Amino acid sequence: MSTSDHPAAPASFSVSVADVELEADDLDPEQIVSGEPVVTGKVLWESADGKQVRGIWQITPGVVTDVEANELFVVVSGRATVEVDGGGTLEVGPGSACVLREGDRTTWTVHETLRKAYHISY
């Protein structure tokens, strides 16, 4: 969904996070530490300037590294351990709300396919 129909303010909407059909999302092979994780996602809304993005993201079991954006997400299903370089270890599962700081270097150990709803600010 985009703001092209109503540039001043996006339309209000509701989706079932568990039921949204996700699309294949490329995962850089250099990010994969172990396993064969597959990433899918769906952008639900993006601001006209591209600085705000809201969507749903999913990853299957495995271990991957990432450099994070400024993000708030809520886990809908699945379980993972997120290790933040120079920071703590976050255990996330259904109902967990998590904030990641822009530039955080993380290692995600996905124990069960994880699906989250997110808001990213660039």
Original post:
What is the residue count in segment 82-91 for residues that are open to solvent by less than 30 Å² (accessible area, probe 1.4 Å) and touching a residue at least 24 places away in the same chain (Cβ under 8 Å)?
Top reply: 1
**OP:** Tell me, please, whether a residue that is open to solvent by 40 Å² or more (accessible area, probe 1.4 Å) and within 24 Å of residue 93 (Cβ to Cβ) can be found in segment 44-53.
**Re:** no
Subject >> Criterion: at pLDDT 95 or above and open to solvent by less than 40 Å² (accessible area, probe 1.4 Å) - qualifying residue of 79, 115, 105, 101 >> reply: 115
Subject >> Residue ID - nearest to residue 112 (Cα to Cα), chosen from residues in segment 1-29 that are over 19 Å from the mean Cα position of the chain (by Cα) and modelled with pLDDT of 90 or more >> reply: 13
Subject >> Residue pairs meeting the criteria (Cβ under 6 Å; at least 6 apart or on separate chains; first more than 22 Å from residue 82 (Cβ to Cβ), in segment 30-55; second among the hydroxyl-bearing types (Ser, Thr, Tyr) and open to solvent by 70 Å² or more (accessible area, probe 1.4 Å)) >> reply: 51/122
Subject >> Conditions (1) open to solvent by 50 Å² or more (accessible area, probe 1.4 Å); (2) within 19 Å of residue 119 (Cα to Cα); number of the one not met by residue 32 >> reply: (2)
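The values are calculated or read from the model by the stated rules, or taken from the named source; none is laboratory data. Given the structure is predicted, the values throughout are model-derived calculations rather than measurements. Here Cβ is always computed from backbone atoms with ideal geometry, including for glycine, and neighbour counts include all displayed protein chains. Surface areas here come from the heavy atoms of the whole protein model, side chains and all, with no ligands, DNA or RNA. Shrake-Rupley method; radii C 1.70, N 1.55, O 1.52, S 1.80 Å.
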